[in-house]
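The values are calculated or read from the model by the stated rules, or taken from the named source; none is laboratory data. These figures come from a predicted structure and were not determined experimentally. Positions of Cβ are generated from backbone atoms using ideal geometry, with glycine treated the same way; all protein chains shown enter the neighbour counts. Each accessible area value is taken on the protein alone, full model and side chains, heavy atoms only, with ligands, DNA and RNA left out. Shrake-Rupley method; radii C 1.70, N 1.55, O 1.52, S 1.80 Å.
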Amino acid sequence: MSNTDPYHAREKFKMVAFTLKPTQILGRILSASLISLMSLEVVPTAALGQPPAASVETKLKVPSTMTSAPFNINRYLKVPPNFSMSVYARINKARFMAVAPNGDLLVSQPSSGKVLIVRPNGNKDPIISDFVTGLRKPHDIVFHKIDNTTYIYISETNQINRFIYNYGDLIAKNRQIVVIGLPDSSTSELRGGYGHELKNIALDSNHKLYVSIASTCNACKEDTVSYPKRGAIYQYNANGTNQRLFAQGLRNAEGLAFLPGTNDLWVVVNNRDNIAYPFNDSSGNYGKIIPSYVDNHPPEEFTKVRDGGNYGWPFCNPNPDTSNGLNYMPFDRDYQFNADGRVNCNAMDRISKGIQAHSAPLGLTFLQNTNFPSLYSNGAVAGLHGSWNRQTKTGYKIAYFPWNNTTKNPEQQIDLVSGWVVPTTQETWGRPVDMVVDGQGNLLISDDYSGTIYKLSYTPSQQVKVYRDPNFSGISQSFPTTPGVYKANQGNLNIVGNDTISSLSVPPGVVVRVCQHETGGLCRDYTPGDYNLVGNGLDNIISFIQVK
């Protein structure tokens, strides 16, 4: 899909000069002010602000063939304006996903030892078949090209495989086992117990393979002295040679992904549970398990991982209660393993961004260089699987992080999709895992609790809509998509006027010009898409709108 696809507005603007048609200046006298109208300055829409969060409760669309529980009753999810949610496929205990070069979807099913292939079938249910079977709890799936060969890397609990992929393959072929001997529940010293034995992987542009070896426990010292270390990430050549420790102190890094255009590795991490109160203060809680403290400590982690980094687990825990909030948090000593401070928490690598404790982030997907709607395409999404031991449940959503291209860090988290837990009853009917973007720009979401692949689709309005408030809220006004001009002083532009900031939705095939004044000043052209804070940079004055 090209960048000019009407469903995916891009910030493509240029300096132009134009002359208003006579119908656009009815009742006006030619004067010096008309000269400015002849050459209005059009400025680019940089930094239009944070895209709208999930705010519209939407009935989930479910094919009649897929209405088994939990879809035996109507279900609702909250999504941003102009999005819809549907059930694309039902796959029991679906976990991680990857989109093949030809558009097929691969889905891991650790419980069955399979990776499944899901293919579109016109208006019928997709065709689901076995891509590879007989694996030991396969989990992560990554396509990676080296020279002219495309590989599919698939992780098992004890090893990493790769298969040579030819366009359109329906079954895995030419298996190579590139990494062996990874610890799992079969490792003799673990005696059948390994809480986080599923493996996640990533490959960079230098053909280096990264493998997350998660902890066996909630918190324990044994994992920090084992070989290989657990709660760590190892790096290999793409063929599995040259193993080395890359980073440690990461309890359970599930999502591994590279910021597009870089070799910057980012991960989301499930942090520890049942943390003891670490402060010897007047509260009398020192060393105790206090549920109200446990509920919010320590935060889950979304962080950049450097070569040689140590991120604290199990000795140091990020503290969200300082002026930093969830950004670049200082560490507290873990009472259970580091009360005496023998491990220097000041020497640990700080976490880039915290996530609400117990949210259980799993999948991590960057949206840059995808066909996802452009308002969101400079950011990342994480699947928050949801809490199991928090007094009030948290997570059960898809979190979106706008990306700051200057600092190369995530900004304030917002909800992209929420509602898999019902707030009033705390009923849980779904737990999202992973997300991928298909060729049409839909976000596919796996759910291992209900056994579902969802499709989040952008469905733009077929009218031009402006809103009194940013983020598509407040009083709205709609205009037909046929060419026309709307001006404040003529009474046909009655909600944006001279003192408000507004948001704008432009449907496919339409270009809308927004101007600061009716008699001149700054203008912007908007191609199809959703834009908030359209008055930003126009002195918050919008007095002229032209549907072109």
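Observations
- Candidate set from region 514-523 (those that are open to solvent by 10 Å² or more (accessible area, probe 1.4 Å) and either touching a strand residue (DSSP E or B) at 6+ places or on another chain (Cβ under 6 Å) or among the polar types (S, T, N, Q) (or both)); member that is farthest from Ser473 (Cα to Cα): Thr519
- Listed by first and then second residue, the pairs linking a residue in region 62-76 that is under 23 Å from Ile127 (Cβ atoms) to a residue that is outside any loop (DSSP other than H, G, I, E, B) and at pLDDT 95 or above, with Cβ atoms under 7 Å apart and 6 or more places separating them unless they lie on different chains, are Val62/Val87; Pro63/Val87; Pro63/Asp125; Thr65/Asp125; Met66/Val87; Phe71/Val87.
- Of everything listed in (1) closer than 21 Å to Met435 by Cα; (2) at pLDDT 95 or above; (3) surrounded by fewer than 19 Cβ atoms within 10 Å (Cβ to Cβ), the single unmet condition for Lys397 is (3).
- Within region 428-478, considering residues that are surrounded by fewer than 19 Cβ atoms within 10 Å (Cβ to Cβ), over 24 Å from the mean Cα position of the chain (by Cα) and not small (Gly, Ala, Ser), the one modelled with the lowest pLDDT: Ile475
- Condition met for Phe96 (over 30 Å from Val464 (Cα atoms), touching a residue at least 24 places away in the same chain (Cβ under 8 Å), open to solvent by less than 30 Å² (accessible area, probe 1.4 Å) and in contact with a His (Cβ under 7 Å, 6 or more places away or on another chain)): yes
- Residue within region 210-226 that is acidic (Asp, Glu), within 23 Å of Asn161 (Cα to Cα) and surrounded by 13 or more Cβ atoms within 10 Å (Cβ to Cβ) present: no
- Residue that is modelled with the highest pLDDT, among those in region 484-496 that are crowded, with 16+ Cβ neighbours inside 10 Å and in a loop (DSSP other than H, G, I, E, B): Leu493
- Residues being open to solvent by 10 Å² or more (accessible area, probe 1.4 Å) and of a type in the set (A, V, I, L, M, F, W, C) - total across region 355-390: 5
- Scanning region 189-206 for residues that are surrounded by fewer than 12 Cβ atoms within 10 Å (Cβ to Cβ) and either over 13 Å from Thr216 (Cβ atoms) or in contact with a Pro (Cβ under 6 Å, 6 or more places away or on another chain) (or both) returns Ser205, Asn206.
- Residues in region 307-324 that are open to solvent by less than 20 Å² (accessible area, probe 1.4 Å) and either aromatic (Phe, Trp, Tyr) or in a loop (DSSP other than H, G, I, E, B) (or both): Tyr311, Gly312, Trp313, Pro314, Asn319.
- Options Ala46, Ala94, Ala69, Ala54; residue that is modelled with pLDDT of 50 or more, in a loop (DSSP other than H, G, I, E, B) and over 19 Å from the mean Cα position of the chain (by Cα): Ala69
- Filter result for Gly509 (assigned to a strand (DSSP E or B), open to solvent by 30 Å² or more (accessible area, probe 1.4 Å) and at positive phi): no
- Sole residue being surrounded by fewer than 21 Cβ atoms within 10 Å (Cβ to Cβ), of a type in the set (Ser, Thr, Tyr) and in contact with a Leu (Cβ under 9 Å, 6 or more places away or on another chain), chosen from Ser64, Ser84: Ser84
- For region 405-418, a residue qualifies if it is open to solvent by 40 Å² or more (accessible area, probe 1.4 Å) and farther than 15 Å from Gly255 by Cβ, and the qualifying residues are Asn405, Thr406, Thr407, Lys408, Asn409, Glu411, Gln412, Asp415.
- You will find that of Arg119, Arg136, the residue that is over 26 Å from the mean Cα position of the chain (by Cα), open to solvent by 10 Å² or more (accessible area, probe 1.4 Å) and of a type in the set (Lys, Arg) is Arg136 and no other.
- The lone exception for Ile233 - which of (1) of a type in the set (Val, Ile, Thr); (2) more than 27 Å from Val107 (Cβ to Cβ); (3) open to solvent by less than 20 Å² (accessible area, probe 1.4 Å) it fails: (2)
- For Lys304, the criteria (1) in contact with a Phe, Trp or Tyr (Cβ under 7 Å, 6 or more places away or on another chain); (2) part of a loop (DSSP other than H, G, I, E, B); (3) touching a residue at least 24 places away in the same chain (Cβ under 8 Å) hold in every case but one, which is (2).
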